[in-house]
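S.K.: Sharing a structure, written as structure tokens. Questions coming.
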Amino acid sequence: MKKYISLIYLGLISVSLLVSCEKERDIEPIQYETIEPVQHETREIDINQDLISDFKISYSGYTWDGIGPNGTGMGIGGYLIPLNKTVILKKLNSESLFSRVNDTIKQQMSQPYSWDSTKLNLVSIKTSLNKYVNPWVPNSAEIKDFYYIAFKISVDDRDILGWMKISIDKYTGLIDVKASQTSEQDFITIGNQ
């Protein structure tokens with residue numbers, strides 16, 4: 001009989017410990033750090049050093065609408081805008097940042113790739129429950145230290161192929177060009193200098 005009472009007593013202690021641990025876990029709210037993002041200054045980039053701007057990096061605010069009671073909010077996007085007949089290589093139905101080291105880029109690319117003169121969304125941050133709580137998110141399927149973008153610059157009516165290596169700071173959203181290379185040949189391999 002004493003064995004049964006001891007087992008019941010141990011069982012009650014175990015249950016009370018389990019319940020108290022659950023209560024402690026329920027009491028602690030999830031803490032998110034509120035982020036106050038900066039909408040960085042617009043700046044122009046002259047890749048080939050000919051005193052003509054080839055790209056502009058620009059940030060702008062936007063509003064978004066979604067589903068549910070908290071499905072609307074604010075955001076800031078960071079964009080790469082081609083200037084002066086420059087075009088960017090894009091892939092149909094894909095994220096903006098897709099080129100990899102050793103990808104070969106050609107003057108004529110076939111589907112699903114195409115040369116495009118529209119702006120490229122590189123990074124964004126948006127509110128959740130009316131607060132900026134998450135880091136900036138690169139427009140890429142993979143989070144990496146560096147991203148590569150292929151482009152064509154028009155110089156004296158001839159196209160020059162190139163690539164740029166960029167970094168995106170996930171805490172500030174700052175887009176920075178780390179390296180670039182151009183070639184007057186019909187192809188260029190990303191990452192080769």
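S.K.: Taking the conditions exactly as written (in contact with a Ser or Thr (Cβ under 8 Å, 6 or more places away or on another chain), in the same structural domain as residue 103 (by TED's automatic domain parsing) and at pLDDT 90 or above), does residue 166 satisfy them or not?
M.R.: no
S.K.: For residues that are more than 20 Å from the chain's Cα centre (by Cα) and touching a residue at least 40 places away in the same chain (Cβ under 8 Å), tally how many sit in region 181-190.
M.R.: The total comes to 5.
S.K.: Say we look at region 138-190 and pick out the residues that are among the β-branched types (Val, Ile, Thr) and farther than 23 Å from residue 117 by Cβ; which of these is surrounded by the fewest Cβ atoms within 10 Å (Cβ to Cβ)?
M.R.: 143
S.K.: Further question on the same structure: So residue 140 passes all but one of these: (1) out of contact with any Lys or Arg (no Cβ under 6 Å at 6 or more places or on another chain); (2) modelled with pLDDT of 90 or more. Which condition number does it fail?
M.R.: Every listed condition holds for residue 140 apart from (2).
S.K.: Out of region 93-137, which residues are in contact with a Gly (Cβ under 7 Å, 6 or more places away or on another chain), crowded, with 19+ Cβ neighbours inside 10 Å and assigned to a loop (DSSP other than H, G, I, E, B)?
M.R.: Once the filter is applied, which keeps residues that are in contact with a Gly (Cβ under 7 Å, 6 or more places away or on another chain), crowded, with 19+ Cβ neighbours inside 10 Å and assigned to a loop (DSSP other than H, G, I, E, B), region 93-137 yields 127, 136.
S.K.: Scan region 131-150 and report the pairs whose first residue is of a type in the set (Gly, Ala, Ser) and whose second residue is part of a strand (DSSP E or B), with Cβ atoms within less than 6 Å and a gap of 6+ or a chain change.
M.R.: Short answer, once both residue conditions are applied: 150/89; 150/99; 150/105; 150/163.
S.K.: Checking the condition in contact (Cβ under 8 Å) with a residue 12 or more places away in the chain, out of contact with any helix residue (DSSP H, G or I) (no Cβ under 7 Å at 6 or more places or on another chain), assigned by TED's automatic domain parsing to the domain that holds residue 47 and at positive phi, which residue from 85, 178 passes?
M.R.: Result: 85 is the single residue among 85, 178 that is in contact (Cβ under 8 Å) with a residue 12 or more places away in the chain, out of contact with any helix residue (DSSP H, G or I) (no Cβ under 7 Å at 6 or more places or on another chain), assigned by TED's automatic domain parsing to the domain that holds residue 47 and at positive phi.
S.K.: Mind listing just one residue for me: the one in region 51-83 that is loosely packed, with under 13 Cβ neighbours inside 10 Å and assigned to a loop (DSSP other than H, G, I, E, B) and, of those, modelled with the highest pLDDT?
M.R.: For region 51-83, the residue satisfying everything is 51.
Each row is one residue, and each column tells you yes or no for (1) assigned to a loop (DSSP other than H, G, I, E, B); (2) of a type in the set (D, E, K, R).
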position: 142; (1), (2): yes, yes
position: 154; (1), (2): no, no
position: 163; (1), (2): no, no
position: 167; (1), (2): no, no
position: 176; (1), (2): no, yes
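The values are calculated or read from the model by the stated rules, or taken from the named source; none is laboratory data. Predicted model only: the values in this text are computed from it and were never measured. All Cβ positions, glycine included, derive from the backbone under ideal geometry; neighbour counts span all protein chains shown.
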